[in-house]
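Contents: one structure, followed by commentary.
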Amino acid sequence: MLTVTGRRGAGRRRGEAGFSLIELMVALGVTLVIMVIASRLLAMSMFVRQRENQRSEAVADVQRALHAMSREISNAGLGMANNGLVPANSNDIALRIRTNLNAFCGVAASCDNDTGDPGEDIVFALINNTTGGGNDNQRLITRQDVNSSNAISALANRIDSLEFEYIGENGLTTTNAALAQRVRIAVTVTLPAVGTAGQSGYQPASQMQLISEAVLRNLLLDK
C-alpha cells in the first residue's frame, strides 16, 4: 500500500510541473500581437497629438494677426473725411491705411490735422522671408509703419496666403478701396503632413482658412 501511494503522488507532481513548450509559444505569440497593436495605437495617438499641436499654434498665430489688423483697420479714417484707405496702395494682397490718432487729443497744442505721426500710416502685406537661406523660406504677414522709417514687424509666420476684400454699400464687393465700408481679411495656412504615407497614424497635409471682417469707423460718410 505504501508503494502504490508513493507512485500516485509522483504522477500528480509530474502532471503539475509547469507549462509545455507549445503553451509558452502560444502565450508569446499573443503577447507579441498585443504589443504590435499597442505600438500602432500609440504611434497614431502621437501623430494626432502632433497635428493638433500644429493646428493650435497656427490658429493662435493667425488669430493674433487678425485681431491686430482688424483693430487698426477699424480705426482707419479717424479724424479724416474719408474711410482712411489709400486706393493706390490697397489691393487684394496689400492694404494701406491712414489714421489721425491725435485729431481729438483734448490738448490743443498736441492736436493736428495730418497723418504724419508714428502709427498713423500703416501697410499690411504678405512677404517672403528669405533670411534663413536654403529651402526654409517663410511667408510672413507684416505691419509696416511708414512714419517710423518704414519699420516692419511680423504679425504671423508660415502663412500661405493673405487676401483683402473691400465691401461697399449694400454688401457688394468693390475693387476701389476708397468706396469700401468694410474690409474682409482672409488668411490661409497649410498644416504639413505628419508621419509617412501608408503607415499607421499618417496625417496628410491640410489647409485651413480664418476670416475676419473690420467695419470702418467712417461707414456713414458719403463716398
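The values are calculated or read from the model by the stated rules, or taken from the named source; none is laboratory data. Computed from a predicted model, the values in this text were never measured in an experiment. Don't worry about glycine lacking a Cβ; one is built from the backbone with ideal geometry, like all the others, and counts go over all protein chains shown.
The test for being surrounded by 12 or more Cβ atoms within 10 Å (Cβ to Cβ), under 24 Å from THR142 (Cα atoms) and free of Cβ contacts under 8 Å to residues at least 24 places away in the same chain holds for GLN209. Of VAL62, VAL48, VAL30, all but one fail to be assigned to a helix (DSSP H, G or I), closer than 28 Å to ALA205 by Cα, among the β-branched types (Val, Ile, Thr) and at pLDDT 85 or above; the exception is VAL62.
Would you confirm whether or not the range 35-52 contains a residue that is more than 20 Å from the chain's Cα centre (by Cα), surrounded by fewer than 19 Cβ atoms within 10 Å (Cβ to Cβ) and basic (Lys, Arg)? Looking for residues that are more than 20 Å from the chain's Cα centre (by Cα), surrounded by fewer than 19 Cβ atoms within 10 Å (Cβ to Cβ) and basic (Lys, Arg), one finds at least one in the range 35-52, hence yes. Being buried (at least 22 other Cβ atoms within 10 Å of the Cβ), without any contact (Cβ under 8 Å) to a residue 60 or more places away in the chain and farther than 16 Å from ASP112 by Cβ is the filter here; which residues of the range 74-98 pass it? The answer is ILE97, and nothing else. Identify, please: which residue in the range 199-214 is out of contact with any Ser or Thr (no Cβ under 8 Å at 6 or more places or on another chain) and part of a loop (DSSP other than H, G, I, E, B) and is, among those, modelled with the highest pLDDT? Among those that are out of contact with any Ser or Thr (no Cβ under 8 Å at 6 or more places or on another chain) and part of a loop (DSSP other than H, G, I, E, B), it is PRO204.
Restricting the range 170-198 to residues that are part of a strand (DSSP E or B) and loosely packed, with under 15 Cβ neighbours inside 10 Å, the residue that is modelled with the highest pLDDT is THR173.
Checking each residue in the range 144-173 for being of a type in the set (Asp, Glu) and more than 14 Å from the chain's Cα centre (by Cα) picks out ASP145, GLU163, GLU165, GLU169.
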